[in-house]
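Structure record follows, encoded as structure tokens.
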Amino acid sequence: MYCPRCGAQSDSVKFCRSCGTNLTRVSQVIERPAQTGATAGSTTVGLFSEKRLSNRNLQVQGHNAGAIFGSLKVDLTAERLPEGETKITLFSVFGAAEVLVADDVGIHVTGFTGFATINVRGKDVNSGFGTCNYFSDNYEKASRRLHIDASAVFAELKIKGPK
């Protein structure tokens, strides 16, 4: 298994030898059947496939979503995000994730990339190998803010405006 946080291969099924990430949780996510009615705090994974999420019928606060050898498309423009900060967790391992968000929403991206790229509204904010702590120019003044905690290994994460 490859660790989704640092990309290291681990013989242990419980913890990554490099960074200590709990790999048992990753195994549970991979083995869990796909969910149809996701709720806050739940997890959605595109494993060798494409997964699509929309905030029309999903409370996204605290949601976890990812792509493992697949892709993930998250549309947060179907409904206005609530006032204040909404936090989601995204991970991508050998995959791609795309998040659509309204132009007036402030964006904060934290996390880790391992040979990956994070692009926010057309600007590469993190690429290669390392940690990310990006704030959009409008973050502090925006009444609606999105905090994405992202882990990407050999992957791409794009956060862009509505089509």
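The residues listed here are Val13, Val45, Val29; of these, the one that is modelled with pLDDT of 80 or more and either open to solvent by less than 50 Å² (accessible area, probe 1.4 Å) or more than 28 Å from Thr77 (Cβ to Cβ) (or both) is Val45.
Looking only at segment 51-63, residues that are crowded, with 18+ Cβ neighbours inside 10 Å and either of a type in the set (S, T, N, Q) or in contact with a helix residue (DSSP H, G or I) (Cβ under 9 Å, 6 or more places away or on another chain) (or both) come to 1 in all.
Within segment 96-125, the set of residues being over 19 Å from Val60 (Cβ atoms), in contact (Cβ under 8 Å) with a residue 60 or more places away in the chain and either assigned to a loop (DSSP other than H, G, I, E, B) or not hydrophobic (A, V, I, L, M, F, W, C) (or both) comprises just one member, Gly114.
Looking at Thr113, Thr89, just one residue is on the phi < 0 side of the Ramachandran plot, among the hydroxyl-bearing types (Ser, Thr, Tyr) and open to solvent by 40 Å² or more (accessible area, probe 1.4 Å), and that residue is Thr89.
Scan segment 106-129 for residues that are under 13 Å from Ala155 (Cα atoms) and over 13 Å from the mean Cα position of the chain (by Cα) and the total you get is 6. Remark: Thr77 falls outside the filter, which requires a residue to be surrounded by fewer than 21 Cβ atoms within 10 Å (Cβ to Cβ) and in a strand (DSSP E or B). Looking at segment 145-155, can you tell me whether even one residue there is of a type in the set (A, V, I, L, M, F, W, C), in contact (Cβ under 8 Å) with a residue 40 or more places away in the chain and surrounded by fewer than 19 Cβ atoms within 10 Å (Cβ to Cβ)? Yes, that holds for at least one residue. Considering (1) closer than 16 Å to Gly7 by Cα; (2) of a type in the set (A, V, I, L, M); (3) surrounded by fewer than 21 Cβ atoms within 10 Å (Cβ to Cβ), the lone condition that Ala102 does not fulfil carries the number (1).
Do the conditions hold for Asp137, that is, is it out of contact with any Gly (no Cβ under 8 Å at 6 or more places or on another chain), within 23 Å of Arg5 (Cβ to Cβ) and surrounded by fewer than 17 Cβ atoms within 10 Å (Cβ to Cβ)? Considered against the rule, which asks whether it is out of contact with any Gly (no Cβ under 8 Å at 6 or more places or on another chain), within 23 Å of Arg5 (Cβ to Cβ) and surrounded by fewer than 17 Cβ atoms within 10 Å (Cβ to Cβ), Asp137 comes out as no. Does segment 126-153 hold any residues that are over 19 Å from Thr77 (Cα atoms) and outside any strand (DSSP E or B), and which are they? If the condition is that a residue be over 19 Å from Thr77 (Cα atoms) and outside any strand (DSSP E or B), then Asp137, Glu140, Lys141 are the ones that fit.
The values are calculated or read from the model by the stated rules, or taken from the named source; none is laboratory data. Just so it is clear, the structure is predicted and the values come from calculations on it, not from any experiment. Note that each Cβ is placed from the backbone with ideal geometry, even for glycine, and that neighbours are counted across all protein chains shown. What goes into the accessible areas is simple: the full protein's heavy atoms, side chains included, and nothing from ligands, DNA or RNA. Shrake-Rupley method; radii C 1.70, N 1.55, O 1.52, S 1.80 Å.
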